[in-house]
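See below for the structure under consideration.
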């Protein structure tokens, strides 16, 4: 395939060409290639990333660097809302991977930090220096007001919604965000029904409760939008959250 044959030097030209188009496929091709190569799907439903493999591959590491650098002067006004959402989400995920690879081996994204690296890891987007924290909390959550943003960004942790095997693209964004929500909610790290019938849910639904209706009832309504019939029936039976859990260990290949 042509995209597999791109040299690192040609990536910036390809991205620049894609930015002028209504189709953002070429824009995110390098990141899509990296995800397709290094994300490993597992039987337990948790996708892992081969950080060591990417670190050892100088060409692909340079491709990742070039992909992130390409957004420095990209005019986001030329992108549709869905394309902007896709781009910011891809940038967040790519920057997180770049950060972990630079510190690898590590046991967690939090290792070596008191409160994590999110305000200390930067890239340049549309002429502005932005951190991981800015991307998630200053742009994605504020500008788009869509709770599914929490299924779009990945913080390199086992407890997080999956890092997908494909990049986000504007044309398929809505459908794939729904897929990502279903994928997480119907996995035990999203929702587990306890022996007494109450719910253990990801701490994401506590940290960002305001994005899910502002209450546990709102969270439950959100869960029911994406739960498979068997799980939905169990959620409806008690509609009560009694525990939150989140695993910060690195989503590294086993």
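The values are calculated or read from the model by the stated rules, or taken from the named source; none is laboratory data. The structure presented is a predicted model; accordingly, all values stated were derived computationally and were not measured. Note that we place each Cβ from the backbone using ideal geometry, even for glycine, and neighbour counts take in every protein chain shown.
At a glance:
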| read-out | value |
| --- | --- |
| Hey, residue 72 touching a helix residue (DSSP H, G or I) at 6+ places or on another chain (Cβ under 7 Å), under 24 Å from residue 135 (Cα atoms) and not in a strand (DSSP E or B) or not | no |
| Only one of 163, 173 that is in contact with a helix residue (DSSP H, G or I) (Cβ under 7 Å, 6 or more places away or on another chain), under 25 Å from residue 31 (Cβ atoms) and in a loop (DSSP other than H, G, I, E, B) | 163 |
| Output for the range 94-107, where each listed residue is part of a loop (DSSP other than H, G, I, E, B) and either within 22 Å of residue 35 (Cβ to Cβ) or at pLDDT below 95 (or both) | 104, 105, 106 |
| Complete set of residues in the range 197-233 that are out of contact with any helix residue (DSSP H, G or I) (no Cβ under 8 Å at 6 or more places or on another chain) and in a loop (DSSP other than H, G, I, E, B) | 203, 214 |
| Residue in the range 220-238 that is farthest from residue 96 (Cα to Cα), counting only those that are out of contact with any strand residue (DSSP E or B) (no Cβ under 8 Å at 6 or more places or on another chain), surrounded by fewer than 17 Cβ atoms within 10 Å (Cβ to Cβ) and touching a residue at least 40 places away in the same chain (Cβ under 8 Å) | 237 |
| Per-region count, the range 108-142, residues part of a loop (DSSP other than H, G, I, E, B), closer than 24 Å to residue 84 by Cα and in contact (Cβ under 8 Å) with a residue 40 or more places away in the chain | 2 |
| Of residues in the range 176-194 being assigned to a helix (DSSP H, G or I) and touching a strand residue (DSSP E or B) at 6+ places or on another chain (Cβ under 9 Å), the one nearest to residue 106 (Cα to Cα) | 184 |
| Selected residue (only one of 153, 149, 201 is touching a strand residue (DSSP E or B) at 6+ places or on another chain (Cβ under 6 Å), surrounded by 15 or more Cβ atoms within 10 Å (Cβ to Cβ) and either touching a residue at least 40 places away in the same chain (Cβ under 8 Å) or within 25 Å of residue 39 (Cα to Cα) (or both)) | 201 |
